[in-house]
Amino acid sequence: MRRLGRYLEGRKLTAALMVLVGAGNAAAQTGGWLLVRNAIDKGITADNEHHLTIVVAIYLGVAAAGWFLQAMLIRGLATIGQAIVIGLRRDLFDHLTGLSLRYFSQQKAGWIIARLTSDVDAVSDVLSQGMPTLVSNVMLLPAAVTALLIADWRLGIVSLAVLPPALALSRWFQRVSHAANVEQRNRIAAVTAQIAESVAGMAVVQAFNRERRFQAEFDALNEANRAQSTYVQKIFSVFFPSIEFLGVLAMVAVLYVGSHLYAQDTLTIGTLITAIYLLQLVFQPLQELSDVYGQLQSAGAAMVKIASILDEEPEIRDRPGAKPLPRLSGDLDIDSVVFAYGKDPVLHGVSFRVPPGGCFALVGESGHGKSTLARLIGRHYDPDEGAVRVDHHDLRDVQLRSYRRQLGVVLQDPFLFSGTIASNIRFAKPDATDEEVQAAAAAVGVDRVAARLSGGLEHEVREGGAGLSSGERQLISIARALLADPRILVLDEATSNIDRPTEVLIERALDRLLAGRTSIIIAHRLSTVRRAEKILVVEHGRIVQRGAERDLLSEDGVFRRLAHTLEGGDETEFAAAG
Amino acid sequence: MSFVDPSDLGLLPTFRRLLRLWRDQWRLGVFGLACSLAYTLISTAIPVLIQQAIDRSIVHHAQPLWPYLAIIAGLAALRAVVNFNRRYATARIGVRIEARMRELLYQAYLRYPRGFYDRHPTGQVLSRATNDLYPIRYFIGWGFVQGMQSLMMITAAAVVLTVVDARLALYTAVAMPPITVLALRFARRVAPISRQVQERKGDVTEAADEAVVGIEMVQTFGREDDVRGRFGEKAEGVRSTVLRQAGVESRHLPGLYYLPALSIAAVLFFGGRQVIGGHLSIGQFVLFETLLLQLVWPLEALGWITNLAQRALASAGRSFAWLEGIEALPEPARPRRLPAGRLDVRFERVSFAYGGEADVLHDLDLTIEPGEIVAVCGPTGAGKTSLLNLLPRFYDPTAGRVRLGGVDARDVPIAELRASVALVTQRPVLFSVPLRENLTAGREEADWDEVLAACRAAGVDSFGPSLPEGYETLIGERGVNLSGGQRQRVALARALVTGARVVVLDDPLSAVDTFTERQLVARLRPALAGRTVLVATQRLSTVWIADRAVVLLDGRIVESGRPAELVRAGGPFATLFGDEVVAA
């Protein structure tokens, strides 16, 4: 809650005003009934029509003021609430995008997204819908009680006698209904998950004749959800009629005591009548606050989860006094790097140095540390021991932005953002002109891919790049890297199936992209390995072999075995065929 | 493709169908309505009794007070019981009908043909069985009976007030029409805005999703500010819509709250004068105020209910259209069994098109001998997947036929056909259950040794045992996320475990890294021995698994032969694999 208070900065005056408006609104509602009392006693029973007319006029004026105040309250609280929500959402997002990849690899994407959306929404619901109810009723309850006591303290005390059981009932309802609602949400979530999974995997469900099994699983979940819904409804069905009943009891008590006091002439009939209506204003907030209570609970739980992200310290950040990098010549030095994601190191003292403009290939089976090495070069992590240096600058001593601006990365299965193909290419250099984008596209052959799509380069890419093959996505990401004109390039070659024409395009694109830049390629194809000046064979977090292809093939080692599996399979088969 | 996308049902037919569902619950429904009537009568009786108590006992001492109070308390207790029963009974109808509709929809989903899922995005199919059902539930479980009760309350109050003083009743009802109008208008205006709020929230989710999934790209290119800006815009979109909603609320809700004051003022002004003139007792004055205040909620409820009814009928209309308008894949009229032993597969003059579009397969003939492995090669979009999908009858050919062991696939009971054809799709789907259950999904009674053998052949053994809980590890969003290559291998093992006589593999190793692929190709061949296999692929390395390869171009088979021969022939096959072949 203290966190939320921060976003009130600069709006404290509005917030204070809203408290006043809320108080005014409560006063208008209860004060109206005191005016009714006055009209009855001084006007009607005193046979004074003139007084009656005046009081009715005042009464209407008070109601109009209340109308106005409540409208202000709804608007004002929504404005404050949404200011808090947007501040919270932005801060959370800004903070998230600054966290290192380690955080994103440890948390499931779905979990993180839920914090940004449903959790912030839960806070938002309380602030924009719950708040007006909360503020007006929290004030209305004491105002109504006070008005009762002012009207006649004896009647006030009589009616207050019903308040403790009513409060106890409300507490019971809040507790039970909250627990029941939480369970209900879990059960409907299970039903939704079951349907979602079946629909997404329907081909498999049907192909494997799993319909009955799925139907049975679904029926059980659907029934559990129905039972829980029924239970929730039962709780509601008990609570509201009970409160209504307690209200009548209080009224009966007031009538009983009131009749005696009236007989003794110590109570006017107007006061007695007014007390009956004021009682309703005591019970109404109890019901409405019970509704808001559930929202408050969920928002509290959501805030706890949101805070867990906000408390996460960004791992990679500029050191005080970090210098911006000048334009690099491209000397890349990996010096005795040790790195662990958890306890066990995945890199055990890796060293190599790429001269400016050099092209090195990393080769090895997956899971042995190649991608980790690439991410250390991109400074998504800092090494636990040793250093990564560019042009003799330790990456930890330079401004991250100034380095990454000179770094290009092509991922194995590149993610495309929603927008057009052109906007995805421009992603690396937002101020690029249309001509530059077109030139980059033409240079790597993206224009040819785009030609088969409606709209060409302006073709709308669907979320994540669905509808394009992974080869085509990689081609677009090569154009993106080319447009950024980096000094150092990290490329993780696509392994997944690429049809031949696209593959040819990619190879040509690489010729263009690698020229004159320092590059590290995680290679999966022999044709790419051959492109490199030097090959580094990575096994179990160490470089076990290094050298040119010819030299490595002449050694009896890991590379020969790898090369054999890469190429040998074909050769033996063809040999057999020939 | 109208048969997978029927138009929504109109209001009347929808209403008739809802009524039919409601009739199944008629006892609860009638009980609920009876409770409503009782509630109305008691709620009208209590103010009348208060009036009598004030006039006869408090003001005039003509009768003792306590009998009135005792009856009022007793009636209030009775009303609480009646009210509980009304709420609970009607809510149960709503909950039951919701569950029933969902069950019907899910049952239908399991039977719908592939064409349906090509046509409707997952989100739409999902929400029709979840969110779209809520208006139906609230309307049936609350709105309908509440609406009837509102009408009863209004009638009862009108009768009582008219009997007491008809002219005063007319004057003091002044606030009731504007309350009704305001409530109707509010319901009509706020509904579209709250839908917009939901849409804006969806935009935020999309922006968050994109940034989180693409975070590596974002950070690498230093585009954090860019995505923050984009996200900020979406968040701003939510804010402005929520504020617009608050605007609508602030124009209507206070009115609903304070308009009754008009009636109270009218009772004070006109009623007060009547009392002064001696034409109205003070108790009757109270009766007017009480009954009028009691009418406020029923009138407001009418506004909500008309709106709810529209939404409920609209979404029920969509659901019924799906339930009745979409045909499941037809079972054969005269089913035939598949012969025992190995099966051959024949595509005979097969043409195929996706609903009304151009042909994907043209007049295609292809025979796969029993126990033969045939690779289908061809560029993206050549029709490979379409061809494969005909075997488990995900689609039926538009012309020609597919025969297994001499029997037309359409004459075999669907369950038997699918039990005999194991399929590995291009993007394999695993379920959120332990790995072991995923492996045995096609044959639950499979011997564990057989499963392990399949895992060895498909390369699951290289990662399965090292998962946190080995083969018992939960897979999926709530458990461990496997990589694309690992998922493909599990799907492959799952297909092997079924022991199906025909195996259909759609680029089964596309996401597996090159080294592993070579190993798997060598291990899979013996594991597939004796089965009739059709495998589509874009990788030469996978073609080597096959006895024979065919090249599919534009829906026709243009070349066929042993892979090695095709390489030497220098025809379409050699062109397709280009340098890979030349390198050899």
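The values are calculated or read from the model by the stated rules, or taken from the named source; none is laboratory data. Because the structure is predicted, anything quoted here is derived from the model rather than measured. Quick reminder, even Gly has a Cβ in these numbers, built from the backbone with ideal geometry, and neighbours come from all protein chains shown. Ligands, DNA and RNA are stripped out before the accessible areas are found, and what is left, the full protein with its side chains, is counted by its heavy atoms. Shrake-Rupley method; radii C 1.70, N 1.55, O 1.52, S 1.80 Å.
Which of A:K429/B:K201; A:K108/A:K343; A:K12/A:K305; A:K343/A:K534; A:K323/A:K534 have a Cα-Cα distance over 22 Å?
A:K429/B:K201; A:K12/A:K305; A:K343/A:K534; A:K323/A:K534
Compare the Cα positions of B:V407, B:F231, B:F347 along the charge dipole of the protein assembly as shown (+1 at Cβ of Lys, Arg; -1 at Cβ of Asp, Glu; about the Cα centre) and return the one farthest towards the positive end.
Positive-most Cα among the choices belongs to B:F231.
With a 1.4 Å probe on protein heavy atoms only, work out how much accessible surface A and B bury together, total over both chains, in Å² to the nearest 100.
When A and B are taken together, about 13500 Å² of accessible area is lost.
Percent of accessible area on the range B:345-583 owned by carbon and sulfur, 1.4 Å probe? Let's see the in-between values first.
On the way: 4160 of 8550 Å².
With neighbouring chains kept in place, the figure for the range B:345-583 is 49 percent.
If I take R0 = 25 Å and measure r between the Cβ atoms of A:R175 and A:S308 in this structure, what FRET efficiency does the formula 1/(1 + (r/R0)^6) give, to the nearest 0.05? Write out the running numbers ahead of the final one.
Working: r = 26 Å, r/R0 = 1.02.
The value I calculate is 0.45.
Could you check what % of the DSSP bridge pairs in the range B:345-583 are antiparallel, to the nearest 5?
50
What percent antiparallel are the DSSP beta bridges of the protein assembly as shown, to the nearest 5?
The antiparallel proportion sits near 50 percent.
List the residues whose amide H sits under 5 Å from the amide H of B:A500, counting only those 5 or more places along or on another chain, with H placed 1.01 Å from N in the peptide plane.
When sequence neighbours closer than 5 places are left aside, there are no close amide H contacts.
Helix-only estimate, please: 222 nm mean residue ellipticity of the protein assembly as shown, summing -39500 (n - 2.57) across DSSP H runs of length 4 or more and dividing by its residues, to the nearest 500.
-20500 deg cm²/dmol
If each residue of separation counts as 0.36 nm, what is the full-extension length gain between B:Y171 and B:E416 once their alpha-carbon separation is subtracted?
In short, 80.5 nm is gained.
What are the residues whose amide H is under 5 Å from the amide H of B:V376, where those residues sit 5 or more places off or on another chain and H is modelled from the backbone?
Sorted by chain and number, the residues that satisfy this are B:V535, B:A536, B:T537, B:V550.
Given a 1.4 Å probe, show me the residues in the range B:126-142 buried by at least 50 Å² of accessible surface when comparing the whole protein assembly to the chain alone.
Those residues are B:L126.
Report which residues of the range B:481-501 become buried by 30 Å² or more of accessible surface when going from the isolated chain to the complete set of protein chains (1.4 Å probe; DNA, RNA and ligands ignored).
By number: B:R494.
Percent of accessible area on the range A:153-266 owned by carbon and sulfur, 1.4 Å probe?
63
Can you compute the charge dipole magnitude of the range A:269-417 about its Cα centre, using +1 on each Lys and Arg Cβ and -1 on each Asp and Glu Cβ, nothing else charged? Give it in debye, rounded to the nearest 20.
500
By how many degrees, 0 to 90 and rounded to 10, does the Cα axis of helix B:484-498 deviate from the longest principal axis of chain B?
The answer is roughly 80 degrees.
Given R₀ = 30 Å, FRET efficiency for B:V558-B:A522 by Cβ-Cβ distance, to 0.05?
Details: r = 29 Å, r/R0 = 0.96.
Rounded to the nearest 0.05, the efficiency is 0.55.
Normalised by the residues of the range A:153-266, what does the relative contact order come to in percent, with Cα pairs under 8 Å and at least six apart?
Computed over the range A:153-266, the figure is 51 percent.
Taking θ = phi - 60°, what integer Hz values does the Karplus form 6.51 cos²θ - 1.76 cosθ + 1.60 yield along the range A:52-59, in sequence order, with x for Gly and Pro?
4, 4, 4, 5, 4, 4, 4, 4
Place +1 on the Cβ of every Lys and Arg and -1 on the Cβ of every Asp and Glu in the protein assembly as shown, take the dipole about the Cα centre, and give the residue among B:T90, B:V490, A:P356 whose Cα lies farthest towards its positive end.
It is B:T90.
Just to check I understand the Karplus step: with θ = phi - 60° and J = 6.51 cos²θ - 1.76 cosθ + 1.60, what whole-Hz values come out for the range B:322-335, glycine and proline as x?
Result, ordered by residue: 5, 4, 9, x, 10, 8, 6, 4, x, 6, x, 6, 10, x Hz.
About the Cα centre of the range B:419-561, how large is the charge dipole given +1 on each Lys and Arg Cβ and -1 on each Asp and Glu Cβ? Please answer in debye to the nearest 20.
340
Run the accessible area of the range B:2-325 with a 1.4 Å probe and give the carbon-and-sulfur part as a rounded percent.
Using a 1.4 Å probe with all protein chains present, the range B:2-325 comes out at 60 percent carbon and sulfur.
Let me spell out the model: positive unit charges on the Cβ of Lys and Arg, negative unit charges on the Cβ of Asp and Glu, origin at the Cα centre of the protein assembly as shown. What dipole size does that give, in debye rounded to 20?
Around 2520 debye, computed over the protein assembly as shown.
Positive end of the charge dipole of the protein assembly as shown (Lys, Arg +1 and Asp, Glu -1 on Cβ, about the Cα centre): tell me which of B:P192, A:L296, A:W153 has its Cα farthest that way.
Result: A:W153, furthest along the dipole toward the positive end.
Tilt of helix B:176-213 relative to the longest C-alpha principal axis of chain B, in degrees (0 to 90, nearest 10)?
30
Measuring with a 1.4 Å probe in the full set of protein chains, what accessible area per residue, in whole Å², belongs to the range A:222-371?
Heavy-atom SASA per residue in the range A:222-371 reads 40 Å².
Please name the residues of the range B:506-543 whose accessible area, counted over protein heavy atoms with a 1.4 angstrom probe, falls by no less than 50 Å² between the chain alone and the full protein assembly.
Buried-area filter returns B:D513, B:T514, B:F515, B:R518, B:Q538.
Let me know the shape class of the range B:2-325, please: from the alpha-carbon gyration tensor, a ≥ b ≥ c as square roots of the eigenvalues, rounded when a/c is under 1.5, otherwise prolate if a/b is greater than b/c, or oblate.
prolate
For helix A:131-151, report the angle its Cα long axis makes with the longest principal axis of the Cα atoms of chain A; keep it between 0 and 90° and round to the nearest 10°.
Helix A:131-151 sits roughly 20 degrees off the main axis of chain A.
Given a Förster distance of 41 angstrom, what is the FRET efficiency for B:A529 paired with A:V544, based on the Cβ-Cβ distance and rounded to 0.05? List each step's numbers first, then the result.
Values: r = 37 Å, r/R0 = 0.91.
My answer for the efficiency is 0.65.
Go through the range B:106-119 residue by residue and turn each phi into a ³J(HN,Hα) via Karplus (6.51, -1.76, 1.60, θ = phi - 60°); whole Hz please, and just put x for glycine and proline.
5, 3, 5, 4, 5, 9, 5, x, 3, x, 4, 6, 5, 8
Taking a probe of 1.4 Å, how large is the accessible area per residue of chain B, in Å²?
40
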